[in-house]
Amino acid sequence: MDGFRWDYFDKTATPNFDEIIRGGSKAAALIPVFPTKTFPNHISIVTGKYPENHGIIANRMYDPVFNEYYYIGEGSKPVLDGKWYEAEPIWVTVEKVGLKAMTMFWPASEAEIMGYRPTEYFVYNGSIKHDDRINQVLKWLDYPANKRPTFISLYFSHTDSYGHRYGPDSEKTKEAIKEMDRTIGNLVTGLKERSLFGQVNLLLVSDHGMAPIFSDSIIYLDDYINMETVEMVDWTPIGSMIPAFNSLNTLDTLKDAHPKMNVYKKGEAPERLHYRNHRRIQPITLVADEHWSITTRKNDVNDDHEKGATGGAHGYEQTYASMHGIFVGHGPGFKPGFKGPGFSNIHLYEMMCRLMGVSPVKNDGTVDSVLVFLNN
Ligand code: AMP
Ligand code: ZN
Ligand code: ZN
């Protein structure tokens, strides 16, 4: 559930989530990787690697070797192109040993990666109804044993969309939380009808949280530099900048430009961000503080999704609680009625491998970090 913040369960009545949580294992938070954007985090969840090690270091990227751009959203061509992905997703690990993976959306599940694809998958189309996505999953579970999947993914952008438009603390976002509770309730009902609730391991996760943003908390880059001298690959709250010339000058000018904007030369971002070593990380990275947006007076933020500065945003450092997501596990592999500490989403790949009895490939996570949630 995209952008489902760690505290959303407590914002409104969620009877269906409550039932899963009562019978399962809940973490205080799922801590995202930096940048706390959708694609970097979804790929970290399914590969166990930091973005600089799986290649999807942002939702919008430029690769100097390919001389091509990567961008997300419905109709995106690069999302379908396996060459962008440099780490093995869980569905490939599953397919490699002859088991079946089926995906009702997940970033990159529509691409051939390392010669493999999920046995069944869908190219992203946000207008597919929530209930139809649930029905597809139930249909897969009804397959005969020799065709049945070992791994299934589901994806919903709903809470993210509402969080951006109305802000995380709005009444509208509460409605979105309720809609997700209703939707997952239908999944639980379908599982119960098949005597599978308690037989399957169900993991509820989100990629990041959401922070309110304000129209008086905006950093205007054209107040400091001539925008003609730079190319912006990504805008806000993480700016990705290629200076056309005289790069040190631009860097120096920006470094102390705004107290709410951190400016990092490539290779010099703080270690906690794990954001140093990839050719798609550009010479200058701008990182806004929580609640702040980066744009220009001309307002040429060319990503509609992020336009304007009211509502909500994410992408900020993962050290802000507002950027934290959720983890709930339910089923035979999880301790029932257990509440545990928050953990980084890079450990989920190892957790899922353990639950399915497949060997993980090398990654940045460890199963030891999440054993506290598991039955042994
Ligand atoms: P963000 O901009 O980080 O909030 O990303 C959320 C957006 O990612 C959603 O609203 C979708 O438009 C997009 N998205 C999610 N899954 C996919 C996918 N599999 N392929 C392309 N775009 C996607
Ligand atoms: Zn997201
Ligand atoms: Zn978003």
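Here, each number is a calculation from the coordinates, and none is a lab measurement. Keep in mind it's a predicted model, so treat the numbers as computed, not measured. We place every Cβ from the backbone using ideal geometry, glycine too, and count neighbours over all the protein chains shown.
When the Gaussian network model of the chain links Cα atoms closer than 10 Å, the mean-square fluctuations of 53, 262, 125 top out at 125.
Exceeding 25 Å between C-alpha atoms, which entries from my cross-link table qualify? They are 83/255; 49/265; 49/178. Those over the limit are 83/255; 49/178.
The residues 221, 273, 138, when put in order of fewest to most other Cβ atoms within 10 Å, stand as 138, 273, 221.
With R₀ fixed at 35 Å, the C-beta to C-beta distance from residue 193 to residue 97 puts the FRET efficiency at about 0.70. How would the stretch 66-185 be classified by its alpha-carbon gyration tensor: rounded, prolate or oblate, with rounded meaning a/c under 1.5 and the a/b versus b/c comparison settling the rest? Oblate, since a/c reaches 1.5 and b/c is not below a/b. Over all other residues within a Cβ to Cβ distance under 12 Å of residue 113, the charged ones net out to -3, with Lys and Arg as +1 and Asp and Glu as -1.
Straight-line cross-link partners of residue 37 among the aspartates and glutamates, defined as a Cα under 13 Å from its Cα and at least 8 positions apart when in the same chain: 2, 160, 207, 234, 306, 317. For residue 77, list the aspartates and glutamates whose Cα falls under 14 Å from its own Cα; do not include residues on the same chain fewer than 8 positions away. Of all the aspartates and glutamates, those that pass the test against residue 77 - Cα under 14 Å, at least 8 places apart if same chain - are 68, 110, 112.
Averaging the Cα positions of each part gives two centres, and for the stretch 9-26 and the stretch 323-376 these lie 18 Å apart. Overall dimensions of the chain, expressed as equivalent-ellipsoid semi-axes from the Cα gyration tensor (√(5λ), whole Å, largest first), are 35, 23, 18. For the stretch 226-294, the Kirkwood radius over C-alpha pairs fed into Stokes-Einstein at 20 °C and 1.002 mPa s yields D = 176 µm² per second. Summarising the amide proton neighbourhood of residue 49: residues at separation of 5 or more, or on other chains, whose placed amide H is nearer than 5 Å comprise 364. Remark: the Cα gyration tensor places the stretch 34-75 in the oblate category, a/c being 1.5 or greater and a/b not exceeding b/c. Going from the fewest other Cβ atoms within 10 Å to the most, the residues 256, 169 appear in the order 256, 169. If r is the Cβ-Cβ distance from residue 231 to residue 256 and R0 is 22 Å, what FRET efficiency results, to the nearest 0.05? So the FRET efficiency works out to roughly 0.50.
Going through the cross-link list 96/139; 11/139; 100/339, which pairs have a Cα-Cα distance over 25 Å in this structure? Cα-Cα > 25 Å for 11/139; 100/339; rest within.
For the chain, the residue among 235, 249, 374 whose Cα projects farthest onto the positive side of the dipole built from Cβ charges is 374. Only helices enter this figure: runs of n ≥ 4 DSSP H residues, each worth -39500 (n - 2.57), summed and divided by the residues of the chain, yield -7000 deg cm²/dmol at 222 nm to the nearest 500. This model, with +1 at the C-beta of Lys and Arg and -1 at the C-beta of Asp and Glu, gives the stretch 217-352 a dipole about its Cα centre of some 500 debye.
At an R0 of 22 angstrom, the distance between the Cβ atoms of residue 362 and residue 112 translates into a FRET efficiency of 0.55. Enclosing the Cα atoms of the stretch 16-101 in their convex hull gives a volume equal to 151 cubic angstrom per residue.
Distance between the C-alpha centers of the stretch 41-66 and the stretch 207-230? Whole Å please. Taking the Cα centre of the stretch 207-230 as reference, the centre of the stretch 41-66 is 23 Å away.
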